[in-house]
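Here the structure comes first, spelled out in structure tokens, and everything after it is commentary.
The values are calculated or read from the model by the stated rules, or taken from the named source; none is laboratory data. Just so it is clear, the structure is predicted and the values come from calculations on it, not from any experiment. No Cβ is skipped: glycine too gets one built from the backbone with ideal geometry, and neighbour counts run over all protein chains shown.
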Amino acid sequence: MGKTALVTGGSRGIGRAIALKFAQMGYNIMINYAGNQEAALKVKAECEALGVKAEIFAANVKNSDEAQAMVKETNSIFGSVDVLVNNAGITRDGLMLRMTDEDFEDVIDVNLTGTFNCLRAASKVMFKQRSGKVINITSVSGVGGNVGQANYAASKAGVIGLTKTAARELAARGINVNAVAPGYIETDMTDVLSDEVKGKILESVPLKRLGKAEDVANLVGFLASESADYITGQVLHVDGGMII
Ligand code: NAP
């Protein structure tokens, strides 16, 4: 039946590139999205054109029931959940002193609680399989902090703690859990930043270019592969050297 990868937030940006990477690697793909069905269907068609099966599933990852239903559906359609990529994420940037409760909670709910919801649901399936690879997308902001991102940095730092704990709890069952910390990657999420901010970010990148979604997808593909079987509980950066 082939291996299956479930990619949250797979309809756009980094998640889309990850879905396509797994399709190239021969995985069947479940593409999760929040509301943009048109974009999700496009990614489904792009995956199918690479010769694999692909389905879409609308679920708000912050909702535990929806996350569980998504994992259940993935397992029943494809017969296994071999890889989970927790990629769905949002920003609500603003200086901490002016940040609203809502902006703080929304970001924690989607980025951190959402990752937990999907990880917990998928690890139950992977536990029975006695195998699995989980890759959580964190951020350089979660490692080094970032002005204007108290909510986002806290959520992404939380993802790192969650990754390390899950790696310890699941290792005995042959499940690897790692985190990937992208730097500045050109997607819809970063498109909203001003040219001035983008220029400043570029100055902080030793490799002197902004990242592409494919740069992240290549690392995620490696972590899911047999070549990474002895790697767990790690945070790998794909940031052009922003944090060294
Ligand atoms: P993006 O272009 O804004 O795409 C976000 C994706 O997440 C979309 O597929 C969206 O679905 C989905 N999504 C949003 N909220 C969701 C929810 N509550 N439930 C389920 N899906 C949801 O973002 P991106 O730049 O590709 O970022 C992807 C991940 O990388 C995020 O975790 C982000 O924090 C992280 N990251 C990005 C950068 C960067 O520079 N871009 C850097 C570091 C880390 P819809 O299409 O339905 O809206």
All positions within the stretch 107-116 that are more than 9 Å from the ligand (Cβ to nearest atom) and not hydrophobic (A, V, I, L, M, F, W, C): THR113
Matching residues, the stretch 31-55, being touching a Gly at 6+ places or on another chain (Cβ under 8 Å), of a type in the set (A, V, I, L, M) and within 14 Å of the ligand (Cβ to nearest atom): ILE31, ALA34, ALA40, VAL43
Could you give me the residue pairs with C-beta distances under 7 Å whose first residue belongs to the stretch 23-43 and is more than 9 Å from ILE56 (Cβ to Cβ), whose second residue is within 9 Å of the ligand (Cβ to nearest atom) and of a type outside the set (A, V, I, L, M, F, W, C) wherever it lies, and which are 6+ apart or on separate chains? ALA34/ASN60; ASN36/SER11; ASN36/ARG12; ALA39/SER11; ALA39/ARG12; ALA39/TYR33
Considering only the stretch 86-97, I want to know if a residue exists there that is in contact (Cβ under 8 Å) with a residue 60 or more places away in the chain, more than 7 Å from the ligand (Cβ to nearest atom), within 19 Å of ASN178 (Cβ to Cβ) and crowded, with 24+ Cβ neighbours inside 10 Å. yes
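Give the residues of the stretch 169-194 that are assigned to a loop (DSSP other than H, G, I, E, B) and either aromatic (Phe, Trp, Tyr) or within 24 Å of GLY10 (Cβ to Cβ) (or both), sorted by residue number. It would help to see each step written out before you state the result.
Keep residues of the stretch 169-194 that are assigned to a loop (DSSP other than H, G, I, E, B), which gives 174, 183-184, 186-187, 192-194.
Listed by number, the residues that qualify are GLY183, TYR184, GLU186, THR187, VAL192, LEU193.
Of all residues in the stretch 145-168, which are part of a helix (DSSP H, G or I), in contact (Cβ under 8 Å) with a residue 40 or more places away in the chain and in contact with a helix residue (DSSP H, G or I) (Cβ under 8 Å, 6 or more places away or on another chain)? Please lay out each step first, then the result.
The first filter runs over the stretch 145-168 and keeps only residues part of a helix (DSSP H, G or I), leaving 150-168.
Imposing the further condition that a residue be in contact (Cβ under 8 Å) with a residue 40 or more places away in the chain reduces the set to 150-152, 154-156, 158-160, 162-164, 166-168.
Those that are part of a helix (DSSP H, G or I), in contact (Cβ under 8 Å) with a residue 40 or more places away in the chain and in contact with a helix residue (DSSP H, G or I) (Cβ under 8 Å, 6 or more places away or on another chain): ALA150, ASN151, TYR152, ALA154, SER155, LYS156, GLY158, VAL159, ILE160, LEU162, ALA166.
Give the stretch 208-238 a look and list any residue that's loosely packed, with under 13 Cβ neighbours inside 10 Å and either hydroxyl-bearing (Ser, Thr, Tyr) or part of a loop (DSSP other than H, G, I, E, B) (or both), or say none.
Of everything in the stretch 208-238, those that are loosely packed, with under 13 Cβ neighbours inside 10 Å and either hydroxyl-bearing (Ser, Thr, Tyr) or part of a loop (DSSP other than H, G, I, E, B) (or both) turn out to be LYS208, ARG209, SER225, SER227, ASP229, TYR230.
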Name the residue, out of VAL81, VAL61, that is surrounded by 19 or more Cβ atoms within 10 Å (Cβ to Cβ), under 14 Å from the mean Cα position of the chain (by Cα) and touching a residue at least 40 places away in the same chain (Cβ under 8 Å). VAL61
Could you grab the pairs with beta carbons closer than 7 Å, sequence gap of 6+ or different chains, first residue in the stretch 114-131 and assigned to a helix (DSSP H, G or I), second one of a type in the set (Ser, Thr, Tyr) and surrounded by fewer than 24 Cβ atoms within 10 Å (Cβ to Cβ)? ASN117/SER64; GLN129/SER80
Contacts under 8 angstrom Cβ, first residue in the stretch 185-197 being closer than 16 Å to ALA39 by Cβ and touching a residue at least 40 places away in the same chain (Cβ under 8 Å), partner within 9 Å of the ligand (Cβ to nearest atom) and polar (S, T, N, Q), 6 or more apart: MET189/THR91
Using the structure shown, decide if ALA23 is at pLDDT 95 or above, closer than 30 Å to LEU210 by Cα, surrounded by 22 or more Cβ atoms within 10 Å (Cβ to Cβ) and away from the ligand (no atom under 11 Å from the Cβ). yes
Can you say whether GLU66 is acidic (Asp, Glu), more than 24 Å from ALA181 (Cβ to Cβ) and within 14 Å of the ligand (Cβ to nearest atom), as far as the supplied structure shows? yes
Hey, does the stretch 133-144 have a residue that's of a type in the set (Val, Ile, Thr), surrounded by fewer than 16 Cβ atoms within 10 Å (Cβ to Cβ) and not in a strand (DSSP E or B)? no
